[in-house]
Ligand SMILES: [Fe+2]
């Protein structure tokens, strides 16, 4: 099982506060049968540069890895961690020379957080298309958060760019949204699942709860499309066999 979206790296954004919390989060993922975590800290171009962001992220990652190596269980007992970013859209994003470096390492998958305020403009949609035409694969983070904020034609415009779609596990767990979530999964609109976990409590890893809800409602085959997309990531890490966990 792969978690495509998380804030696991300690002390770099509003996610994990420190190494102890990150290890606790990894223990939760492990107990849920999650093998592979995409660590995607927030990148805001108006508050840092790609160079500073990547240096801070990579340093915090190294400290976490050193700690895991020294645990009694050893690092191999923990899920694999792949480094990426959750890039907040800004005007001119498609011209950023560092987009490749902000992709999930070893892939051309770029997780993009679309703006929350105001209606998306045609310019924004064109920039997403432009990023795709550059050979990258944009992935829209937590699409469920926009479904009530944007007119349906704007959501359709975004989907028409060919962007891949990630949704959070919570989408399948909330009584208010799960019907829509099941429909979007059945329609193959959802390409990746992520916990978007930030901590051990209010926004804890919850992959297994979502997988269980999906399998109960739709059966394990409903995850086939998501599993297929996960190979985009796993192939890049030489892990192109079916990973363990549900479905
Ligand atoms: Fe996030």
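Read-outs throughout are calculated quantities, based only on the coordinates presented, and are distinct from any laboratory measurement. If you're wondering where the values come from, they're calculated on a predicted model, not measured in any experiment. Because the Cβ atoms are built from the backbone with ideal geometry, glycine has one as well, and the counts that use them run over all protein chains shown.
Here is how the numbers come out for the structure above:
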| read-out | value |
| --- | --- |
| Scaled radius of gyration (Cα, divided by 2.2 N^0.38 Å) that the chain gives | 0.96 |
| Whole-angstrom gap from region 20-76 to region 102-137, using each part's C-alpha centre | 24 |
| 230, 215 arranged by Cβ crowding within 10 Å, fewest neighbours leading | 215, 230 |
| Value of D in µm² per second that Stokes-Einstein yields for region 9-89, Kirkwood Rh from Cα pairs, at 4 °C (1.567 mPa s) | 98 |
| Per-peptide average of other Cβ atoms within 10 Å, ordering 21-28, 73-80 highest first | 21-28, 73-80 |
| Space enclosed by the convex hull of the alpha-carbon atoms of region 133-247, per residue, Å³ | 127 |
